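Contents: one structure, followed by commentary.
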Amino acid sequence: MGYKVLLPQPILESGRAYLLERGYELVDGNGFEEEDIIRDIKGCDAMIVRTAKITRRIIAAADRLKVIARHGAGYDGVDLEAAKEKGIMVLYAPRANSESVAELAVFYMLYCSRNFKLVQKLYKDDYRFAKFNIEKHELCGKTLGLVGVGNIGGLVARKAALGFDMKVLAFDPYAKELPDYIIPVSSREEVFKKADYVSLHVPATPETVNSVGEKELAGMKKTAFLINTARGSIIDEEALIKALEEKQIAGAALDVTREEPFSRENPLLEMDNVLTAPHIGAATKEASSRSSLACAEGIDDFLSGRTPKYPVPPMREQLEQMNFTK
């Protein structure tokens with residue numbers, strides 16, 4: 001009998017075909033809420049996770065689960081401690097969506113630079129006012145400040161510097177050998193103080209959750225914009241709402257909010273200087289196809305006795321202790 005792979009949500013054909021060609025049985029889930037997955041997980045050896053939250057209860061219900069592959073670069077939705085305790089490996093696809101998210105970050109900067117949300121709101125009723133009286137700017141010559149220069153942050157820097165002639169500052173204590181168009185700075189405060197656009201590219205960890213708050217926002221230029229294509233929990237939303245209402249900063253573009261799906265009562269959704277979206281950074285067909293294939297390859301490597309390329313960082317030590325022959 002071949003291994004069974006649970007798919008609580010559909011994956012793209014690239015991943016499905018890869019697994020089917022290698023003899024895996026795919027179990028299409030009946031939903032991706034906790035109770036749905038608990039019912040479906042029994043008898044499954046692996047699981048590919050998209051947006052579903054994988055809780056301790058789900059992991060406790062898994063009687064054969066050996067590996068979870070997260071369909072993207074974030075893995076905060078998986079209870080890693082519960083997985084470790086049960087000896088379940090967790091993999092991810094850190095490079096698959098980098099290009100798509102980086103492109104979106106640049107799109108958000110362009111959108112903010114032209115004050116496009118307000119233009120769209122007003123131009124049908126007052127064409128001349130929207131055209132001449134709403135302040136608009138170029139990206140050329142402006143300063144981009146990056147918090148985090150991993151795969152995505154590095155691509156954003158390249159597109160901004162080489163495509164739009166922006167000056168790029170970056171704070172990332174883990175970054176090494178940065179290209180010459182990125183200027184490393186010694187503190188996060190310097191990024192917030194000097195940048196016209198601050199773009200966040202860090203994972204959600206105990207150190208980064210709520211790490212952009214009142215102090216950081218107060219240190220930004222009044223003409224600056226905050227861009228977040230990472231995780232909503234990184235920003236203290238109450239502090240951001242206050243900063244926007246009091247015009248401490250010019251605006252924000254948020255691909256993610258703290259609560260997903262977001263509450264219709266969230267005031268950020270109605271602000272003229274804030275662009276929000278339903279976490280679409282990695283939702284392109286190209287990125288989804290790469291993620292599906294990367295997850296399928298990782299599962300096949302792990303279950304076939306080969307060292308998988310992309311264990312989530314907290315699992316690397318556990319992986320090193322396993323005796324892979326290939």
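The values are calculated or read from the model by the stated rules, or taken from the named source; none is laboratory data. From a predicted model like this one, the values you see are computed outputs, not experimental measurements. Please note: Cβ atoms are built from the backbone with ideal geometry, for glycine as well, and neighbour counts cover all protein chains shown. What goes into the accessible areas is simple: the full protein's heavy atoms, side chains included, and nothing from ligands, DNA or RNA. Shrake-Rupley method; radii C 1.70, N 1.55, O 1.52, S 1.80 Å.
Structural remarks
- So Gly154, is it out of contact with any helix residue (DSSP H, G or I) (no Cβ under 9 Å at 6 or more places or on another chain) and buried (at least 19 other Cβ atoms within 10 Å of the Cβ): no
- Hits in region 268-308 - residues which are outside any helix (DSSP H, G or I), touching a residue at least 40 places away in the same chain (Cβ under 8 Å) and farther than 30 Å from Glu238 by Cβ: Thr284, Pro308
- Counted residues, region 246-266 - those being over 27 Å from Thr205 (Cβ atoms), touching a helix residue (DSSP H, G or I) at 6+ places or on another chain (Cβ under 8 Å) and surrounded by fewer than 17 Cβ atoms within 10 Å (Cβ to Cβ): 0
- Of the criteria (1) open to solvent by less than 10 Å² (accessible area, probe 1.4 Å); (2) under 22 Å from the mean Cα position of the chain (by Cα), which one Ile37 fails: (2)
- Contact annotation: residue pairs with Cβ atoms under 7 Å, 6 or more positions apart or on different chains, pairing a residue in region 109-127 that is in the same structural domain as Val168 (by the TED database) with a partner that is part of a helix (DSSP H, G or I) and open to solvent by less than 70 Å² (accessible area, probe 1.4 Å), are Val119/Ala130; Leu122/Ala130; Tyr123/Ala130.
- Test: residue in region 209-221 that is out of contact with any helix residue (DSSP H, G or I) (no Cβ under 9 Å at 6 or more places or on another chain) and in the same structural domain as Phe107 (by the TED database): no
- If only residues of region 1-11 that are in a loop (DSSP other than H, G, I, E, B) and either more than 14 Å from Arg70 (Cα to Cα) or without any contact (Cβ under 8 Å) to a residue 12 or more places away in the chain (or both) are counted, the one that is least open to solvent (accessible area, probe 1.4 Å) is Gly2.
- If only residues of region 157-170 that are touching a residue at least 24 places away in the same chain (Cβ under 8 Å), of a type outside the set (Lys, Arg) and open to solvent by 40 Å² or more (accessible area, probe 1.4 Å) are counted, the one that is farthest from Gly72 (Cα to Cα) is Asp165.
- Filter result for the condition that a residue is under 29 Å from Val202 (Cβ atoms), modelled with pLDDT of 95 or more and either assigned to a strand (DSSP E or B) or not assigned by the TED database to the domain that holds Ala204 (or both), over Ala60, Ala73, Ala69, Ala17: Ala69
- Hits in region 230-260 (condition: over 15 Å from the mean Cα position of the chain (by Cα) and assigned to a loop (DSSP other than H, G, I, E, B)): Asp236, Glu246, Lys247, Gln248, Ile249, Ala250
- Among the candidates Val198, Val168, Val202, residue that is under 22 Å from the mean Cα position of the chain (by Cα), closer than 30 Å to Val312 by Cα and assigned to a loop (DSSP other than H, G, I, E, B): Val202
- Within region 20-29, considering residues that are more than 26 Å from the chain's Cα centre (by Cα) and at negative phi, the one most open to solvent (accessible area, probe 1.4 Å): Glu21
- Applying the criterion of at least 3 residues that are open to solvent by less than 90 Å² (accessible area, probe 1.4 Å), among the hydrophobic types (A, V, I, L, M, F, W, C) and under 16 Å from Ser199 (Cα atoms) to the helices (runs of 4 or more DSSP H) found wholly in region 76-141 leaves 98-113.
- Residues satisfying the stated conditions in region 171-195, i.e. under 19 Å from the mean Cα position of the chain (by Cα), part of a loop (DSSP other than H, G, I, E, B) and among the aromatic types (Phe, Trp, Tyr): Tyr174
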